[in-house]
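Visitor: Have a look at this one.
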Amino acid sequence: MIKNRTLASSVFINQYFISANAGLSAFSLALGSFLSSLAFTAAAFFFGLCAFGKPFGALLLMYRGAGIGVSVALVYSCMGKNALLPLLVTILPKAVAFSISAILTVREVFRSSHIIFMYCIKGDTYTENTHSFRLYCIKFIVLILLSLIISAADGGLNYLYVNIIRQ
């Protein structure tokens, strides 16, 4: 993918982890990151409502890690030794924050999918199923809000780096 930079530059592959170009506003940078994270969280939410959602949750986590890896590799291939500062300032903080968020998201997918699977196989009932679903929804709302905060901070940090530090 790195040899074919147009493929690696696709937002479906790098998931908006790559540093932004000059001229983009902080809002547009944050919006791109948030929409990518929202798509990830929405997919995880729906996989958590399936009895066989665990493998898909694990694939989502691997997809997130691949996006980070491709982004870092692409920046290194384009900038060489000069990539260290941009990586430390723009990609690393976002990658750490979104990785933690992704792990928390997939953990909820595993929990919910396991409860549904056990109900289908053994007929085990989880007490207060309606409270369980409400709690599941509340957790995902919190994860979406966390993604919004991370995206806003990332947009501001990228904007500062591209327009102030780099110039």
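The values are calculated or read from the model by the stated rules, or taken from the named source; none is laboratory data. This is a predicted model, so every value here is computed, not measured. For neighbour counting, all protein chains shown are included, and Cβ atoms are generated from backbone atoms with ideal geometry for every residue, glycine included. Each accessible area value is taken on the protein alone, full model and side chains, heavy atoms only, with ligands, DNA and RNA left out. Shrake-Rupley method; radii C 1.70, N 1.55, O 1.52, S 1.80 Å.
Visitor: Report, to the nearest whole %, how much of the accessible area of the chain belongs to carbon and sulfur atoms, 1.4 Å probe, protein only.
Guide: The nonpolar share, carbon plus sulfur, comes to 73 percent.
Visitor: Here's something else I'd like to know. List nothing, just return the count: lysine pairs in the range 35-140, 8 or more apart or interchain, with Cα separation under 26 Å.
Guide: 5
Visitor: For every helix of n ≥ 4 consecutive DSSP H residues, a contribution of -39,500 (n - 2.57) applies; sum these over the chain, divide by its total residues, and give [θ] at 222 nm rounded to the nearest 500 deg cm²/dmol.
Guide: Estimated from H runs of four or more residues: -24500 deg cm²/dmol.
Visitor: A further question follows. Give the label of the value calculated from the structure for Cα extents along the principal axes in Å, choosing from (i) 94, 28, 21; (ii) 98, 40, 22; (iii) 62, 30, 20.
Guide: Structure-derived value, by its label: (iii).
Visitor: How high is the relative contact order of the chain, given as a whole-number percent (alpha carbon pairs under 8 Å, six or more residues apart)?
Guide: Computed over the chain, the figure is 40 percent.
Visitor: A follow-up question, please. Give the peptides 112-122, 31-41 in descending order of average Cβ contacts within 10 Å, highest first.
Guide: 31-41, 112-122
Visitor: Please work out the average accessible area per residue across the range 47-167, using the 1.4 Å probe convention, and give it in Å².
Guide: 58
Visitor: If you place +1 on the Cβ of every Lys and Arg and -1 on the Cβ of every Asp and Glu, how big does the dipole about the Cα centre of the chain come out, in debye to the nearest 20?
Guide: For the chain, the charge dipole is close to 320 debye.
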